[in-house]
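Below is one structure; the comments refer to it alone.
The values are calculated or read from the model by the stated rules, or taken from the named source; none is laboratory data. The shown structure was predicted, so the numbers you read here are calculated from the model rather than taken from an experiment. Cβ atoms come from the backbone with ideal geometry, glycine included; neighbour counts cover every protein chain shown. Accessible surface areas use protein heavy atoms only, side chains included; no ligands, DNA or RNA. Shrake-Rupley method; radii C 1.70, N 1.55, O 1.52, S 1.80 Å.
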Amino acid sequence: MESEGNSEKKLSSSKLKKGSNIIPLTGAAALLTLAVSLAITAINKRRNSKRKDLPGCNFRVNLSASEIPKLADRIIAKSKEVHDAVASVPLDKVTYKNVISPLAELEAQQFPLVQSCVVPKLVSTSDKVRKASAEAEKKIDAHISSCSKREDVYCVVKAFAAKGEWMGPEARHYVHSLMKEFERNGLNLTATKREEVQRLRAQIDELSFQYVQNLNDDSTSVLFHENELAGLPAEFLKTLEKAENGMFRVTLKSHHVAAVLELCKIGKTRRLVAMAYGKRCGKANLSVLEDLVHARHKFARLLGYSNYAEYALNPRMAKTPSKVLEFLEDISSSLSDLANKELAMLKELKKQDEGELPFGVEDLLYYVKKVEQQEFDLDLGALKQYFPVNLVLSGIFKIFQDLFGLRFEEIADADAWHSDVRMFSVFDLSSGELLGYFYLDMYTREGKYGQTCVVALQNGSVAFNGARQVPLALLISQLQTDIGGIPSLLRFTEVVSLLHEFGHV
C-alpha cells in the first residue's frame, strides 16, 4: 500500500475485503442481470489519435532512465525559482497575484511532471527505468519537503493571510492549507524546536520510503506440490511458475495470496501462505518500523500533540483519536453478536472438514465461500464463466456512463509503457466537453507493482493565461493474462475490486 504521507502521489490500493454473505449475493445478481441484458458496449475508437496530441494532457509517457533524472532536476530548479521569487516579495507588498497565484500554478503545472518521474517505478518493464524512477521520487520528495519548511516563504504567505484579501472560497481554502502545512512542519516554533522537527521529518520520510520499497521489491515465494494446491482451478495453476523440482511457485503478490486463501482446500497450504504473507520483509522492515514509530512519536510531541495519531487525524474529518475509537466501538457493539454467531458457524464447518485444528485468519475467506455455496447454492468458481474481463469492463463502463452522464472513448494509438495498457477519453454526455483521461493497466507482469490501486497522474486546473489541464488517472490491476486466446475470466472478488477501483478513477 502507498504511504499516507505521499497520498497526493499514490492513492491507496484496495485491501482484500470480504463483506457479509448478502453483499456478494446481491452484487453477483446485479452483475449477472447486467451480463444477460447488456451486450458489450461499443467503444468508439479514434484510430488516428496519438497520445502526444491529447489536449490538456501534460503527463509524459515512456521516459528513459536517463530522461527521468533530467526532468526531476528541471522540476526542482523551477520550483526553487518560484519559491525564491515569492520569498523575495516585501511583506507590505504581498498580493494574491505575486504570492499565492505563483504557488498554486506551480503545484498544478508540476504535478503531472512529478508523476511522469515517479510512476514508472510502478509500471515500467525496464529495471533501469524503475530504479531511476525510485531515485527521482526520493529526490523530488526531499525537495518538496524542504519547500514546506522554508521560513521565508511562510512569512510572506502569513502576511498575505493576515490581510484577508481573498479572491474567493477556493483561494481562502488554499491559503489556509498552505499555512497549516507550514505549521505542521514546525515553522511557528522556536528555531531549536524547528530544527529538531525538520530532522525528525527527514528521518520519517526516509524510513517510510524504505519500508514501502522493501515491500515493493519483495520477491518471496512458497513452493507447493500440485496436491497441496487442491481446489485451485487448472487455469490458475497454469499461470504459476514451476521450480526445477516441478513444484509450483506461489508468490506473495495479492492475486496469488487471495486465490489460495479463497479456493485452496488444504488448510496447511492456506496457513503457510497467510503466515508467509504476514511475515514478508519482516527481517528488513521490523527495525525500520520500530524506528519509524519512535520518530513519529517524538515528531508529534514537538508539534504539541500527545501522539502521532492526534497529529495525523487533525486535518481529517474525524479530527481526534477519541472520535475514531468511539466510531469503531459503536460499530463493534452493533455487530459483535452477529459476528460471533457467524464465526461459530465457520468454526463448525472447519471442524467437520479438518477436525480439531484451530480456526485462523487464513481460514476466513475459504469458509465464508463455503457458507455461500451451502446456504445460497452459490458456486463462485462456476460464476467466473459470466465474467470475462471484456464483458466486466463494458458493464462497469455502462454503469458509470449512465450514473454520471459520461461518454468513454478508447484512444487506439495512445502511447503507453506496455502493449496491454489501454487509454480512454472521458466526455460529458450532454455538452461533449472533454473531462479527462484514464489508463487501464490490468494484467500482472514481471516488475509491475503488485497491488491493485488507482494513481492520480494529473490534476485538473485552469491557469491565469487560460491554459486548461484535465485530470488523468491510472488504474493498476493484477488480472491474469489471456491463456490460449480465451478471454480472462474473473473471480467474483476481482469483479468487486475492479468496480471499487473504478470508483476512484
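Restricting Ser79, Ser88 to residues that are modelled with pLDDT of 95 or more and either over 33 Å from the mean Cα position of the chain (by Cα) or more than 16 Å from Cys147 (Cβ to Cβ) (or both) narrows the list to Ser88. Could you tell me whether the range 368-391 includes any residue that is in contact with a Lys or Arg (Cβ under 6 Å, 6 or more places away or on another chain), among the hydrophobic types (A, V, I, L, M, F, W, C) and more than 19 Å from Glu235 (Cα to Cα)? Yes: one or more hits. Only one of the numbered conditions (1) under 23 Å from the mean Cα position of the chain (by Cα); (2) within 19 Å of Ser477 (Cα to Cα); (3) of a type outside the set (Lys, Arg) is violated by Tyr211, and that is (2).
For Ala312, the criteria (1) open to solvent by less than 50 Å² (accessible area, probe 1.4 Å); (2) under 30 Å from Gln374 (Cβ atoms) hold in every case but one, which is (2).
Figure legend. Inter-residue proximity from the range 157-176: first residues more than 24 Å from Asp84 (Cβ to Cβ), second residues surrounded by 12 or more Cβ atoms within 10 Å (Cβ to Cβ) and among the basic types (Lys, Arg), beta-carbon distance below 7 Å, spacing 6+ or different chains. Indicated pairs: Trp166/Arg172.
Quick grid of which residues meet (1) open to solvent by 10 Å² or more (accessible area, probe 1.4 Å); (2) in contact (Cβ under 8 Å) with a residue 24 or more places away in the chain; (3) assigned to a loop (DSSP other than H, G, I, E, B):
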residue	(1), (2), (3)
Gly395	no, yes, no
Lys398	yes, yes, no
Leu403	yes, no, no
Glu409	yes, yes, no
Tyr449	yes, yes, yes
Val495	no, yes, no
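Where helices (runs of 4 or more DSSP H) fall wholly inside the range 219-318, the ranges with 3 or more residues that are over 24 Å from Phe209 (Cβ atoms) are 234-239, 254-263, 267-279.
Residues being under 30 Å from Leu232 (Cα atoms) and buried (at least 20 other Cβ atoms within 10 Å of the Cβ) are entirely absent from the range 462-469.
Scan the range 88-119 for residues that are in contact with a Ser or Thr (Cβ under 9 Å, 6 or more places away or on another chain), part of a helix (DSSP H, G or I) and open to solvent by 20 Å² or more (accessible area, probe 1.4 Å) and report the count.
Of the residues in that region, 6 qualify.
Against the list (1) within 22 Å of Ile396 (Cβ to Cβ); (2) outside any strand (DSSP E or B), the condition Ser477 fails is (2). Do we find a residue being among the basic types (Lys, Arg) and on the phi > 0 side of the Ramachandran plot anywhere in the range 315-329? Within the range 315-329 (the criterion being among the basic types (Lys, Arg) and on the phi > 0 side of the Ramachandran plot), the answer is yes, since at least one residue qualifies. Is there a residue in the range 371-386 that is under 25 Å from the mean Cα position of the chain (by Cα) and crowded, with 17+ Cβ neighbours inside 10 Å? Looking for residues that are under 25 Å from the mean Cα position of the chain (by Cα) and crowded, with 17+ Cβ neighbours inside 10 Å, one finds none in the range 371-386, hence no. Filtered by the rule that a residue be open to solvent by less than 50 Å² (accessible area, probe 1.4 Å) and either among the acidic types (Asp, Glu) or more than 30 Å from Asp482 (Cα to Cα) (or both), the range 428-438 gives Asp428, Gly432, Leu434.
The set of residues from the range 364-402 being of a type in the set (D, E, K, R) and at pLDDT below 95 comprises Lys369, Lys370, Glu372, Glu375, Asp377, Asp379, Lys384.
Conditions (1) part of a loop (DSSP other than H, G, I, E, B); (2) open to solvent by less than 30 Å² (accessible area, probe 1.4 Å), marked per residue:
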residue	(1), (2)
Leu122	no, yes
Lys149	yes, no
Val157	no, yes
Met167	yes, no
Val175	no, yes
Lys180	no, no
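Residue count for the range 267-290, restricted to those that are modelled with pLDDT under 95 and of a type in the set (Val, Ile, Thr): 0.
For the range 319-344, which residues satisfy the criterion of being among the polar types (S, T, N, Q) and part of a helix (DSSP H, G or I)?
Ser322, Ser332, Ser333, Ser334, Ser336, Asn340, listed by residue number.
What about Glu196, is it within 20 Å of Ala312 (Cβ to Cβ) and part of a helix (DSSP H, G or I)? Criteria met by Glu196. Within the range 223-246, the set of residues being among the hydroxyl-bearing types (Ser, Thr, Tyr) and exposed (fewer than 12 other Cβ atoms within 10 Å of the Cβ) is empty.
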